Ligand SMILES: [Zn+2]
């Protein structure tokens with residue numbers, strides 16, 4: 001769990017996330033339609049999925065003084 005030491009926020013942060021693994025990938029056959037938001041979508045295929053994230057700053061006050069509790 002993370003906490004902003006400046007404002008006390010524990011809910012929302014800015015950072016970057018990476019996901020990696022084997023997946024089933026489905027393409028949308030109606031790419032040119034404006035009604036569709038996605039051109040493709042995927043479903044995780046097995047337990048080898050890896051998620052990694054780094055917290056850079058507080059969403060609310062933009063402080064980088066973030067502590068891991
Ligand atoms: Zn903050």
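Do you know the relative contact order of the chain, to the nearest whole percent, from alpha carbon pairs under 8 angstrom that are 6+ apart? Across the chain, relative contact order equals 49 percent.
Stokes-Einstein D for the chain at 10 °C, 1.306 mPa s, Kirkwood Rh over Cα pairs, in µm²/s? The diffusion coefficient I find is 107 µm²/s.
A Gaussian network model of the chain, with springs between Cα atoms under 10 Å, assigns the largest mean-square fluctuation among 18, 50, 27 to 27.
Bear in mind these aren't lab numbers, they're just calculated from the coordinates by the rules spelled out. Bear in mind the structure is a predicted one, so any value in this text is a computation, not a measurement.
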